[in-house]
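The values are calculated or read from the model by the stated rules, or taken from the named source; none is laboratory data. Note that the structure is predicted; figures quoted are calculated from it, not measured. Cβ coordinates were reconstructed from backbone atoms using ideal geometry, including for glycine residues, and neighbour counts include every protein chain displayed.
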Amino acid sequence: MQPVNRTIVNPSGAPEAPPVQLHSDGERPPRRRIRASVILAIITDHYLGILIFAFLCGASTVAWVMSRPRKYAAAVTVAPVGNARQLNLPASLAGSLLGATNTGIQATPVFVARLARLQGVLDDVARRRIPERSQTVIEGVLRRPLAEIPPHRYAPELDGRLQTTIDRESGTVTFVAALADSSLARTIVNDLVESVSRAYTHAMKSQAGALVDAQTARVDSAAKRMREAESAIVSFGSANRMVPPTSPLWVEQQRLQNNVSIAQSVYTQAITELENARGKAIEDAPALVVLDPVPEALTPRGRGTVVIGLATFVLALVAAIAFVLVREAASNVYATGDDDVVHLVSSLERLPVIGKRGVRWFLRV
């Protein structure tokens, strides 16, 4: 049976399908199976174009990376300071509302790292003036006038350029700012340490101020209770001059004396805690101690040019191979003259972005 060449014409005006080899009985030939040998042959036929495309992509990426300014990392390592005199919060409603147990707010590494990410702290750093410059920190970071920067972008922009590392074994926290301007990076980390210390001190004083109010009310209550207990024992002594031992009067006397002792103990404890809270409210102890300040000369960070170039080359190589295989497969399917494929091709040719020339080039028609 000899194959016969026929041309299928779409009566709706769509482009004609390519000539299809049909057998004398009118049946289309079966499609070729995709085998490894066919795939390797296609790749081998186009290896030069694939390599050139991958090389150009890798070289362009390397050139772009080399054109970018190198970043300088300014790092400072701090250690939270443990409070010598902690706030003794009572196990009451006031203590629970302050969000602490018996020790109050503690400058732990995790707490300090969380403070460094607060919007208020970052906004304070962003609005600070750079020494010897007539611009703020956020202007130096974004290189735009302050009037063109929305205030809600201050914290996210700084947060994206800051890195916080916690060493749980030593209890230290490291703040790192990586920027092309070494002076600006140094200013940011130093201002961040000051802002974190200020935020921690403000939180401690706010907590102490709330506790002073709570302890004052507790002292007043304890004093009233002590006066009532002392008045009760005085009244009992005036009414009973002689109290026989082991008598009911003696038991009542012991109970009243115990009430006085308990009231005095509670009053003494309340006075002590009130004075501690008042001292904490006016205390100005630092929250952080700088262990490793920012060096005068910052070491530039590596660009990773080799790794980025190789990764781009490999990705471009895979993309080029996939494109060649897909193009060969599409051309093979279109060559069979299937009505659905012809209709799809005609629809793609009418798209404004792809167009007839793009489809024809891709299918090599």
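Can you name every residue in region 320-344 that is among the hydroxyl-bearing types (Ser, Thr, Tyr) and outside any helix (DSSP H, G or I)? Walk me through how you get there before you give the answer.
Filtering region 320-344 for residues among the hydroxyl-bearing types (Ser, Thr, Tyr) gives 331, 334, 336.
Correct list: 336 only.
If we keep just the residues of region 234-267 that are in a helix (DSSP H, G or I) and either aromatic (Phe, Trp, Tyr) or over 27 Å from residue 221 (Cβ atoms) (or both), which is farthest from the chain's Cα centre (by Cα)?
So in region 234-267, the residues in a helix (DSSP H, G or I) come out as 234-239, 248-267.
Subset that is either aromatic (Phe, Trp, Tyr) or over 27 Å from residue 221 (Cβ atoms) (or both): 236, 239, 248-251, 267.
Working: 236: 69, 239: 74, 248: 71, 249: 71, 250: 70, 251: 67, 267: 48 Å.
It comes out as 239.
For residues that are in a helix (DSSP H, G or I) and of a type in the set (Gly, Ala, Ser), scanning just region 146-181, find the one that is surrounded by the fewest Cβ atoms within 10 Å (Cβ to Cβ). Spell out the reasoning first.
Let us first name the residues in region 146-181 that are in a helix (DSSP H, G or I), namely 146-148, 151-159.
Now drop any that are not of a type in the set (Gly, Ala, Ser), which leaves 147, 155.
Details: 147: 6, 155: 20.
Here the residue is 147.
Is it true that residue 143 is under 17 Å from residue 198 (Cβ atoms), surrounded by fewer than 16 Cβ atoms within 10 Å (Cβ to Cβ) and without any contact (Cβ under 8 Å) to a residue 24 or more places away in the chain?
Values: under 17 Å from residue 198 (Cβ atoms): no; surrounded by fewer than 16 Cβ atoms within 10 Å (Cβ to Cβ): yes; without any contact (Cβ under 8 Å) to a residue 24 or more places away in the chain: yes.
No: the conditions fail for residue 143.
Going through region 345-365 one residue at a time, which ones are aliphatic (A, V, I, L, M) and either within 30 Å of residue 51 (Cβ to Cβ) or assigned to a helix (DSSP H, G or I) (or both)? Reasoning before the result, please.
As a first pass, look at region 345-365 and keep what is aliphatic (A, V, I, L, M): 345, 348, 351, 353-354, 359, 363, 365.
Within region 345-365, 345, 348, 353, 354, 359, 363, 365 qualify.
Residues 135, 207: which one is free of Cβ contacts under 8 Å to residues at least 60 places away in the same chain, among the polar types (S, T, N, Q) and either in the same structural domain as residue 288 (by TED's automatic domain parsing) or surrounded by fewer than 18 Cβ atoms within 10 Å (Cβ to Cβ) (or both)?
None of the other options fit; the residue is 135.
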